[in-house]
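A quick write-up on the structure given underneath.
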Amino acid sequence: MKKNALIFVFDKTGIVDFSQGLRNCGYELTVHADVAEILHRSAIDGFTTISNDDFFNIDLEPFEIIVVNTQSFAQWFTSEHPLSVDKIIDVAFDAQIEFIKNLAKNYRNNSVLIDPLDYDNAIQSLNEYGKITDTLKIMFVCKVFEYVAHIDTLIATCLRKKQQNNDFPRFFTVTYEKSQGLRYGENPHQAASYYKEAMTNEGTLADAEQLSGSDLSFNNINDSNIAISLLKEFTQPAAVAVKHANPCGVSISDTILEAFNKAYDADSISAFDSVVALNREVDLELATRICHIFTGLVIAPQYTSEALSLLKQNQQKIKVLQIKKLTEIVSPNENDMRKVLGGLLIQKTDSKIFEKENIKCITKRTPTEYEMRQLEFAWIVAKHTKCNAIVLASNNATVGVGPGQMNRITALNIAIERGEGKTKGSVMASDGFFFQDCVIAASKAGVTAIIQPGGSNDSDLVEECDKTDISMLVTGMRHFKH
């Protein structure tokens with residue numbers, strides 16, 4: 001009995017080998033004109049060629065295998081020129097998408113392949129069993145609905161963005177595309193993959209190009225995201241070192257080399273094998289410095305050819321990422337999503353630092369200009385540190401970071417300990433209110449100024465601050481990060 005396969009694909013990946021494999025399994029091919037050209041160039045002949053019009057009107061009954069995929073619609077939605085509502089609706093009812101969806105109705109008789117990654121599985125099944133197994137048919141038809149749902153979600157997202165006050169609709173749908181498989185998740189026993197947004201902003205990890213080193217791990221990606229999120233807060237040359245989801249060394253300076261050195265010196269022990277993000281080009285001098293320190297991963301917008309060559313040859317096998325528009329600010333309308341058991345928490349990204357008109361000095365002494373600059377710097381770092389967070393800073397660099405503690409006095413004690421005797425003359429930022437014990441400990445460590453959101457017990461803190469001439473600002477804005 002004659003076996004037939006129909007091929008109409010925009011993504012030509014692997015189509016030549018797959019077509020030859022089908023021929024070897026005894027299938028007669030009917031292919032779209034674009035595919036026919038490729039097969040002719042590859043010395044494959046003996047097939048029937050059809051046009052666009054013929055394809056959508058063809059009788060599908062004789063075809064056991066139908067290979068079809070569409071152009072990438074995602075790029076339409078990420079265009080610099082937003083689509084009109086009418087154009088979006090046109091995409092929703094595009095003939096190709098409707099055609100693919102309709103094919104799924106008869107999946108038991110017509111095996112529908114839309115993913116080039118499935119070609120090898122199909123040929124293996126044909127060689128072993130003389131047919132596409134039922135298990136594979138179900139997997140293939142599942143991919144059809146996943147793809148259609150992906151397009152429908154892009155459409156819904158695009159339309160939602162054109163509305164006002166519809167950030168949290170009744171039905172919230174999102175879609176991501178697999179970027180890479182990972183060896184494992186946070187721990188070796190956890191399976192994991194990395195997915196990227198179809199409608200992504202420039203300057204994010206989805207735009208990153210890996211220039212050297214082994215594949216990124218789950219923890220690499222998570223720490224990199226935290227590092228570049230903090231880095232985007234600064235316009236000056238800045239360096240951010242992150243270890244286990246918390247900044248361990250941060251600095252801004254006149255040069256990127258000096259910023260890197262100060263960030264590393266802030267906590268050289270914790271910086272071991274950390275993720276380092278830089279917002280300026282890496283030259284040979286800076287690359288040499290990076291190579292002298294055990295750095296796990298480095299991120300920058302650009303590398304000189306000499307710097308990149310050195311980083312690639314380094315025995316540490318440093319992972320090197322390039323994000324060209326690293327300084328692009330993330331939209332305040334971005335969603336921050338957290339999976340919980342049985343549901344999803346959604347909030348808007350914490351895109352603010354503070355409202356300057358709401359900042360108040362509540363102590364007798366007001367901060368000096370120098371202290372004000374350091375307080376703002378420390379406050380930014382505290383915003384990106386796990387709660388409860390305390391950050392000590394001086395000379396535009398962190399002195400000590402106390403992250404993720406159940407109480408603030410412990411966080412402060414950790415920050416002081418990490419300061420290793422460098423805390424005298426530093427300022428302190430706290431992501432939430434605290435008690436008098438923190439003021440006493442800060443004073444003993446030599447802290448001269450404090451910034452915090454403010455709380456009901458501020459009068460007690462003021463009394464303690466005024467005793468030791470500490471200046472205190474309240475921002476009226478909290479930055480918990482869990």
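Rule-based calculations on the coordinates, nothing more; no lab input. A quick note: this is a predicted structure, and the numbers were derived from the prediction, not measured. Cβ coordinates were reconstructed from backbone atoms using ideal geometry, including for glycine residues, and neighbour counts include every protein chain displayed.
Close amide H pairs (under 5 Å, H built 1.01 Å from N) link ILE451 with MET428, ALA429, SER430, LEU473, residues at least 5 positions away or on another chain. The label point for ILE138 and the one for PHE168, both projected 7 Å from the Cα toward the Cβ, are 3.8 nm apart.
Per-residue Karplus couplings for the range 443-456, computed as 6.51 cos²θ - 1.76 cosθ + 1.60 with θ equal to phi - 60°, are listed in order as 4, 4, 7, x, 5, 10, 8, 9, 10, 7, x, x, x, 5 Hz, Gly and Pro entered as x.
Taken over the C-alpha atoms, the range 3-161 has Rg and Dmax values of 16.5, 50 angstrom. A cut-off under 13 angstrom between Cβ atoms defines the neighbours of ASN4, and their net charge, with Lys, Arg +1 and Asp, Glu -1, is -1. Which angle between 0 and 90 degrees, to the nearest 10, do you get for helix 408-419 versus the longest principal axis of the chain when only C-alpha atoms count? Around 90 degrees separate the two axes.
Report, in listed order, any pair from LYS325/LYS422; LYS196/LYS262; LYS161/LYS352; LYS161/LYS356; LYS243/LYS422; LYS325/LYS383 with a Cα-Cα distance greater than 26 Å.
Details: LYS325/LYS422 35 Å; LYS196/LYS262 33 Å; LYS161/LYS352 21 Å; LYS161/LYS356 30 Å; LYS243/LYS422 21 Å; LYS325/LYS383 22 Å.
Correct reply: LYS325/LYS422; LYS196/LYS262; LYS161/LYS356.
The DSSP beta bridges internal to the chain are antiparallel in roughly 55% of cases. Rounded to the nearest 500, the helix-only mean residue ellipticity at 222 nm of the chain stands at -11000 deg cm²/dmol, with each DSSP H run of n ≥ 4 adding -39,500 (n - 2.57).
Would you calculate the convex hull of the Cα atoms in the range 356-474 and tell me its volume per residue in Å³?
Details: hull volume 10.2 nm³, N = 119.
Hull volume normalised by residue count: 86 Å³.
The amide H of VAL399, built 1.01 Å from its N in the peptide plane, has LEU392, ALA393, SER394 as neighbours under 5 Å, considering only residues 5 or more places off or on other chains. Each peptide among 238-251, 355-368 gets the average number of other Cβ atoms lying within 10 Å of its residues, and from highest to lowest they stand as 238-251, 355-368. Per the Debye calculation on the range 134-250 with a single equal scatterer at every Cα and no solvent contribution, log₁₀ I(q)/I(0) for q = 0.21, 0.23 Å⁻¹ amounts to -1.24, -1.28. Over the range 206-322, the alpha carbon radius of gyration divided by the compact-protein estimate 2.2 N^0.38 Å works out to 0.92.
One compactness figure for the chain is 1.24, namely its Cα radius of gyration divided by 2.2 N^0.38 Å.
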